[in-house]
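Below is one structure, written out as structure tokens, with a few remarks after it.
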Amino acid sequence: MPPAHIVSHNPATLNAPLGGYSMGLELRQHRRLLFISGQVPESSDGTVPEGFEAQCEQAWRNVKEVLAAAGLGVEHLVKITTFVTDRNQVVPNRIIRRAMLGEHQPALTVVIVETVDSKWLLEIEAIAAE
């Protein structure tokens with residue numbers, strides 16, 4: 001199924017967004033919404049990879065699995081919130097996110113937090129629309 005009709009809004013009066021995202025996304029003619037709970041960097045067997053980059057990739061694999069279970073893909077994502085545990089993770093997170101999303105640029109928030117389990121270095125939640 002194609003994604004919802006999505007209109008990106010990046011006003012010229014604001015500083016251009018860095019890192020492959022849109023300041024605002026408008027959904028027109030969508031049929032359904034999928035709210036993806038925060039995905040932590042655990043594989044199906046409960047293991048957690050070592051290092052931020054590996055954990056980020058695992059969390060994104062988990063997001064993609066939830067999307068696939070609903071018959072959707074990353075092109076359907078309209079909002080992503082990423083919770084990282086250290087300011088130094090912002091740039092690696094951006095690089096991995098852009099690799100996972102390709103040219104797609106949903107609305108985005110990145111927040112520095114303390115995770116529920118200290119072995120998790122990030123958590124990603126998302127909203128998708130069709």
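Summary table
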read-out	value
Whichever residue in region 19-32 is within 15 Å of the chain's Cα centre (by Cα) and of a type in the set (A, V, I, L, M) and, among such residues, is nearest to Ala70 (Cα to Cα)	Leu25
Verdict on Asn62 being over 16 Å from Phe35 (Cβ atoms) and polar (S, T, N, Q)	no
Residues being touching a Lys or Arg at 6+ places or on another chain (Cβ under 7 Å) and not in a loop (DSSP other than H, G, I, E, B) - total across region 89-128	4
Top-ranked residue of region 35-54 - restricted to ones that are open to solvent by less than 40 Å² (accessible area, probe 1.4 Å) and in a strand (DSSP E or B), ranked as farthest from Val113 (Cα to Cα)	Ile36
Residue match in region 4-23 (condition: in a helix (DSSP H, G or I) and open to solvent by 30 Å² or more (accessible area, probe 1.4 Å))	no
Within region 78-107, tally of residues that are within 13 Å of Gly20 (Cβ to Cβ), surrounded by 16 or more Cβ atoms within 10 Å (Cβ to Cβ) and at pLDDT below 95	4
Filter pass, Glu57 being surrounded by fewer than 17 Cβ atoms within 10 Å (Cβ to Cβ), in contact (Cβ under 8 Å) with a residue 24 or more places away in the chain, more than 12 Å from the chain's Cα centre (by Cα) and part of a helix (DSSP H, G or I)	no
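Yes or no, residue by residue, for (1) closer than 23 Å to Gly24 by Cα; (2) within 11 Å of the chain's Cα centre (by Cα); (3) not small (Gly, Ala, Ser):
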position	(1), (2), (3)
Ala70	no, no, no
Thr81	yes, yes, yes
Val91	yes, no, yes
Met100	yes, yes, yes
Ile112	yes, no, yes
Trp120	no, no, yes
Ile127	yes, yes, yes
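The values are calculated or read from the model by the stated rules, or taken from the named source; none is laboratory data. Because the structure is a prediction, the values reported are computed rather than measured. As a convention, Cβ positions derive from the backbone with ideal geometry for all residues, glycine included, and neighbour counts pool all protein chains shown. For the accessible areas, the whole protein counts, side chains as well, though only heavy atoms, and no ligand, DNA or RNA atoms are used. Shrake-Rupley method; radii C 1.70, N 1.55, O 1.52, S 1.80 Å.
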